[in-house]
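Asks: The structure follows.
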Amino acid sequence: MTTPAPSEGVALEGAAPAQWRDLRRFTPARVALGRVGNGLPTDAHLAFQAAHAAARDAVHAALDIPALLADLRNAGLAASVVRSACPDRPTYLLRPDLGRSLGDGSELPAAPGCLALLLCDGLSATAVQRHAPALLAHLAGRLERLGPIMVAAQGRVALGDAVGESLGAEAVLVLIGERPGLTAPDSLGAYLTWRPRRGRTDAERNCVSNIRPDGLPPAQAADKLLWLIGRMRALRLTGVALKDEQPPPAQEHLDQDRLISVVST
Amino acid sequence: MPYHHTIAGTRYAFPDLKTLLARATPARSGDQLADIAAGSASERVAAQMALADLPLRTLLDEPVIPYEDDDVTRLILDGHDTVAFAPIASLTVGGFRDVLLAEGTPETLADLRPGLTPEMAAAVSKIMRLQDLVAVAAKCRVTTAFRNTIGLPGRLSVRLQPNHPVDDPRGVAAATLDGLLMGAGDAVIGVNPATDSVATTTTLLHMLDTVRDRYGIPTQTCVLAHVTTTLRCIAAGAPVDLVFQSIGGTEATNRAFGVTLPLLHEARDAALSLRRGTAGQNVMYFETGQGSALSAGAHHGVDQQTIEARAYAVARAFQPLLVNTVVGFIGPEYLYDGKQIIRAGLEDHFCGKLLGLPMGVDVCYTNHAEADQDDMDALLTLLGVAGVTYVMGVPGADDVMLSYQSTSFHDALYLRGVLGLRPAPEFEAWLDRMGLAAATPERIPMQLSPALVGLA
């Protein structure tokens, strides 16, 4: 986005906006970009191209599973790898059904009654790679009946249903890369599903989205998830009937309060 | 086998009409995902040849979804006007294409509308190239009105889409002012709320109405909440100009959207009862898009483009002010790349216009589709030539709430500029009064002072 030189100055906070560029302080949208004829000024055009490139690279980035396992180990967590039925990224983008299914040979141990954890690349391996270990470092030690932690490449949210059903889990929490926007290519989403089994719909899950340091920071996301997990176990359900009524902390970040999921489930 | 065609000694057979339509559809990932697409390029052309020989009347006699099973089919067939259909009743689909290209005029095409079904529009589109879709759509005239007049020849309107990640009214107001300074907003100033609640929607409705009133803009505003939310806002006395709803081409798709045809009638009656329109009484705003039926498991084995055209039969029953397909929003499993998005956008615009709708297009893509700004420029320019009623205007083309890329205020200015198109006349006069007709001033004009709308 175009940023005015310091000498031009954006109107001071509190002063009435008079210049077009003063609108920038009210919204993260790309307002007051300027005009060259009817087109975008060069710097605004190239800033957009750079943001799109970062998003595209995140969509096509491969999940570095050994590095992720090492990061989890450093956080004191052991994880194992499962495979989705989807072989590669082009297939992933065209066949959502394969990303929701377990691949052949994925033998899972029985872990009845646990809360299973699944980490998936989703549409941004970058997000999982960067933020999932930090989130789990804040969360895992505070969870009761924590079951196995699984990692899967080319996975969608509903892969958690297949994993949870195979384990006999009480619930599954899926941490997955959200579809990258131009603002951030590395937003992590967390999906909580009670009694996971194949065929669950999105209306039967709860979602905490936009987890990243500049969005909902991992520590706050962990608090929110811990609260949701507690409510889930009390009500024995997830989905639209489980409202997020967590009392807001002092500096509640609102960015996760979105109706529209940006994960391709 | 009822339908078949032989090419170079190979006989291709199609067991029923919906299969024929699906196999004849230009390639797209959604039909492949549904496992109904042609298996080869030759099979596709064979299906197109068989479709070209199909009498139009067959599309009336053999509904792709049974009459008993689906209220959209009943809406289509019960409302069909045989008198309007008479001039084309003896034609095949191929003959219909020729007539549209050779003989169609704005007047004859308007007279045909009550005699056309979505399946006829979809079928003929499948044997048309992009230039055919452009040429025929450019001959269709559809005009609607609320506080201004939309769809007049030589005009291009813009929906100003000032979304904000957490519905901050000041953020929405700032993005709205940004768009107004760049000549956008004559189709509607319409916000997608991040949270679909009566409280949020009411707050935004009052804010948008304040902006419109303080600046004296001859346009309409809308918060694109679910129809049931808007109904509750109306009951509570909120200033609702237009009722918005996403709709689809089957009863089960609409059920997945949480709507029924009677509910839409109730909403239209409620909006009409407010009598807020000054230039006209078109009070509905619909969005559609190929793939929604398959996504909801409600496609009945029918290809996504034919289902999309059926959504336009739903729309036209409610005399909407605006309809737009959100063509690239759904993702690559339905429309894989720029080529598929471009084709789908022009098909949807053509079918909507042929059926008499004030058709706009959200020229857009997501970051997991194989598409970029160049693809959007191509589709936008083609749609401008085709006479698209309106396009979206999003600050810098980047929707910071919905996380996708649409067209920008700049893009709309580009299209108006290269094609000599002008805004809706009432809005154009307002831009002139505000001193915004020629360029965007660095200093915001006094009469558009941000302080008037709570920005200080």
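The values are calculated or read from the model by the stated rules, or taken from the named source; none is laboratory data. Please read these numbers as outputs of a predicted model, since none were measured by experiment. Cβ sites come from the backbone with ideal geometry, for glycine too, and all protein chains shown count toward neighbours. Each accessible area value is taken on the protein alone, full model and side chains, heavy atoms only, with ligands, DNA and RNA left out. Shrake-Rupley method; radii C 1.70, N 1.55, O 1.52, S 1.80 Å.
Asks: Roughly what % of DSSP beta bridges within the protein assembly as shown run antiparallel, to the nearest 5?
Replies: Antiparallel: roughly 40 percent of the beta bridges in the protein assembly as shown.
Asks: Check each of the trypsin sites (Lys or Arg not before Pro) in the stretch A:142-187 and keep only those in coil by DSSP with at most 16 other C-beta atoms within 10 angstrom; list them in order.
Replies: Here the sparse-neighbourhood loop sites are A:145.
Asks: Further, regarding this structure: Residues with beta-carbon under 13 Å from that of residue B:91, excluding residue B:91: net charge, scoring Lys, Arg +1 and Asp, Glu -1?
Replies: Result for the neighbourhood of residue B:91: -1.
Asks: Could you work out how far the C-alpha centroid of the stretch B:61-113 sits from that of the stretch B:362-416, in angstrom?
Replies: Taking the Cα centre of each part, the stretch B:61-113 and the stretch B:362-416 sit 31 Å apart.
Asks: Taking the alpha-carbon distance from residue A:224 and a cut-off under 21 Å, which lysines remain once sequence neighbours fewer than 8 residues away in the same chain are dropped?
Replies: A:243
Asks: Averaged over B:400-411, how many beta carbons belonging to a partner chain fall within 10 Å of each residue's beta carbon?
Replies: 6
Asks: May I ask you to list the GluC sites (Glu not before Pro) in the stretch B:362-448 that are in a DSSP loop and have at most 13 other Cβ atoms within 10 Å of their Cβ? Intermediate results must be reported in sequence, preceding the final value.
Replies: Working: sites: B:370, B:426, B:428, B:442; in loops: B:442.
Listed in order of number, the matching sites are B:442.
Asks: Still on this model: Let me know the shape class of the protein assembly as shown, please: from the alpha-carbon gyration tensor, a ≥ b ≥ c as square roots of the eigenvalues, rounded when a/c is under 1.5, otherwise prolate if a/b is greater than b/c, or oblate.
Replies: oblate
Asks: Can I ask one more? Using only helices, what value at 222 nm comes out for chain A when you add -39,500 (n - 2.57) per DSSP H run of length 4 or more and divide by the total residues, to the nearest 500 deg cm²/dmol?
Replies: That calculation yields -9500 deg cm²/dmol at 222 nm.
Asks: In µm²/s, what is D for the stretch B:231-278 at 10 °C and 1.306 mPa s, where D = kT/(6 pi eta Rh) by Stokes-Einstein and Rh is the Kirkwood radius from Cα pairs?
Replies: 136 µm²/s
Asks: Under a Cβ-Cβ cut-off of 13 Å, what is the net charge of the residues other than residue A:233 that fall near it, where Lys and Arg count +1 and Asp and Glu count -1?
Replies: After counting each charged neighbour, the total is +2.
Asks: Let me ask something else. Shielding by partners for A:18-24, please: the mean number of other protein chain Cβ atoms within 10 Å of each residue's Cβ.
Replies: Other-chain Cβ atoms within 10 Å of each residue's Cβ, averaged: 6.
Asks: Here's something else I'd like to know. Helix-derived [θ] at 222 nm for chain B: sum -39500 (n - 2.57) over DSSP H runs of at least 4, divide by residue count, nearest 500? Let's see the in-between values first.
Replies: Details: 21 runs with 202 residues, N = 456.
Rounded to the nearest 500, it is -13000 deg cm²/dmol.
Asks: Roughly speaking, to the nearest percent, how much of the protein assembly as shown's 1.4 Å accessible area is carbon and sulfur?
Replies: 53 percent
Asks: Right, another one. Name the shape class, rounded, prolate or oblate, that the alpha-carbon gyration tensor gives for the stretch A:65-246, where a ≥ b ≥ c are the square roots of its eigenvalues, rounded holds for a/c under 1.5, and otherwise prolate holds if a/b is larger than b/c and oblate otherwise. Please report the intermediate quantities before stating the final value.
Replies: Numbers: a/c = 1.25, a/b = 1.07, b/c = 1.17.
Judged from the Cα gyration tensor, the stretch A:65-246 comes out rounded (a/c under 1.5).
Asks: Given a Förster distance of 22 Å, report the FRET efficiency between residue A:235 and residue A:198 from their Cβ-Cβ distance, rounded to the nearest 0.05.
Replies: 0.45
Asks: What is the angle, in °, between the Cα long axis of helix A:65-74 and the longest principal axis of the Cα atoms in chain A? Nearest 10 is fine, range 0 to 90.
Replies: 80 degrees
Asks: For chain B, what is the relative contact order in percent, using Cα pairs closer than 8 Å and at least 6 residues apart in sequence?
Replies: Value for chain B: 19 percent.
Asks: Distance between Cα centroids, the stretch A:105-168 to the stretch B:125-154: provide it in whole Å.
Replies: For the stretch A:105-168 versus the stretch B:125-154, the Cα centre distance is 50 Å.
Asks: Hey, which lysines would be in cross-link range of residue B:18, C-alpha to C-alpha under 26 Å, not counting anything within fewer than 8 residues on its own chain?
Replies: Qualifying lysines at Cα under 26 Å: B:126, B:339, B:353.
Asks: Further question on the same structure: Please label the shape of chain B as rounded, prolate or oblate, based on the square roots a ≥ b ≥ c of the eigenvalues of the alpha-carbon gyration tensor (a/c under 1.5 means rounded; beyond that, a/b larger than b/c means prolate, else oblate).
Replies: Cα axes put chain B in the prolate bin.
Asks: Under the rule that an exposed site lies in a DSSP loop and has at most 14 other Cβ atoms within 10 Å, name the longest stretch of chain B with no trypsin sites (Lys or Arg not before Pro) of that kind, not counting the sites themselves.
Replies: For trypsin sites (Lys or Arg not before Pro) (loop position, at most 14 other Cβ atoms within 10 Å), the longest site-free span of chain B is B:276-456.
Asks: In the stretch A:137-210, what GluC sites (Glu not before Pro) fall in a loop by DSSP, with at most 16 other Cβ atoms inside 10 Å?
Replies: A:144
Asks: For the stretch B:241-310 and the stretch B:189-216, compute the distance between their C-alpha centroids and round to whole Å.
Replies: The stretch B:241-310 and the stretch B:189-216 have Cα centres separated by 21 Å.
Asks: Taking chain B as the reference, fit the longest principal axis to its C-alpha atoms, fit the long axis of helix B:198-215 to the helix C-alpha atoms, and give the angle between the two in degrees, 0 to 90, nearest 10.
Replies: The answer is roughly 70 degrees.
Asks: Shifting gears a bit: Where the only charges are on Cβ atoms (+1 Lys, Arg; -1 Asp, Glu), what is the dipole of the stretch A:65-246 about its Cα centre, to the nearest 20 debye?
Replies: On the way: 21 positive and 18 negative charges, 53 e Å.
Dipole magnitude for the stretch A:65-246 comes out near 260 debye.
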